[in-house]
Ligand SMILES: [Zn+2]
Ligand SMILES: [Zn+2]
């Protein structure tokens with residue numbers, strides 16, 4: 001038996017080092033991916049204006065001029081923002097683990113709380129927020145003032161509010177983490193996910209514009225006898241066009257998936273958790289409810305921070321720094337549906353599910369055993385706490 005135990009420990013250690021190695025590669029390859037992304041979108045822009053736009057009839061050019069202006073503005077603007085705006089971190093305490101990030105606090109806050117005079121500020125362009133401004137940037141103090149406890153991250157020893165996850169590439173906790181993206185060399189989280197989704201949307205429009213308007217030029221690029229009055233070499237344009245088609249298919253699919261999750265009030269990580277919990281609850285004869293699902297329309301309005309209490313819809317058309325609707329430490333939750341006469345109360349008998357859902361949900365007043373067959377998730381992330389959580393902050 002000791003042999004079995006020590007060999008399984010060895011296997012676990014091997015897996016861990018492979019995992020750490022993969023994280024290191026993802027981190028180290030980040031700048032390469034970002035450089036490549038800039039090269040591709042700049043090549044696409046040059047290819048479009050040099051090869052495609054110059055052969056368009058004048059009336060079509062005038063008709064499409066808003067697109068010719070907005071697409072490059074947003075494509076480059078949103079990519080610039082998504083690579084510069086940090087996703088948001090619950091604490092600077094965790095920075096000790098990552099010395100190269102230790103000096104970046106000032107730059108980070110410059111992006112998180114933009115000056116009204118900044119060129120990226122919506123207020124500067126007369127597109128200010130309609131509702132109350134976001135208050136309480138010191139989320140930890142806010143939560144403590146409400147008499148609530150905050151979890152501690154086992155890996156970086158910092159506070160870990162609800163919806164926060166630890167990124168093993170960034171080596172710190174990220175507020176409302178969605179995923180780590182090598183294409184932006186950062187995590188996608190609370191503060192930059194809006195830019196991430198909007199960048200995908202504008203990239204899709206850009207690729208479709210190139211695909212539809214550049215079709216004729218694409219065939220001409222193969223005909224070496226035809227005149228080619230452009231600065232861009234034929235072969236470069238052929239490559240740009242093929243890439244635009246491929247990206248124009250892949251990115252809209254990814255974007256739709258993200259928008260679907262956003263409209264469900266969940267992040268990529270929570271989507272996995274909710275799927276799992278939903279199946280588990282169904283097997284118990286219960287209906288699982290995502291606590292952050294406020295209804296499709298409100299989920300989308302909250303995500304983009306637009307609507308009656310947010311910024312005007314027009315902010316979607318420009319690369320502006322729009323702060324998130326929440327400070328990342330607490331989020332509005334849906335109410336539990338009223339008791340149904342027809343639905344019999346089913347007791348949970350799966351101890352895991354019961355521990356993960358019912359006890360803590362009941363503690364927060366969101367569900368109870370006589371709630372009519374509904375269960376609601378809580379802030380306990382499943383994905384990065386497999387080895388046990390880090391307890392609570394003092
Ligand atoms: Zn952490
Ligand atoms: Zn990350």
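Across segment 183-285, the fraction of Cα-Cα pairs farther apart than 18 Å, rounded to a whole number, is 63%. A simple packing score, the average count of other Cβ atoms within 10 Å per residue, orders the peptides 66-78, 181-193 as 181-193, 66-78, with the highest score first. Highest mean first, the peptides 220-226, 290-296, 153-159 sorted by other C-beta atoms within 10 Å per residue fall in the order 153-159, 290-296, 220-226.
Coordinate-derived values only; no laboratory data. Keep in mind that this is a model prediction, so the values were computed, not measured. Backbone-built Cβ (ideal geometry, glycine too); neighbour counts: all protein chains shown.
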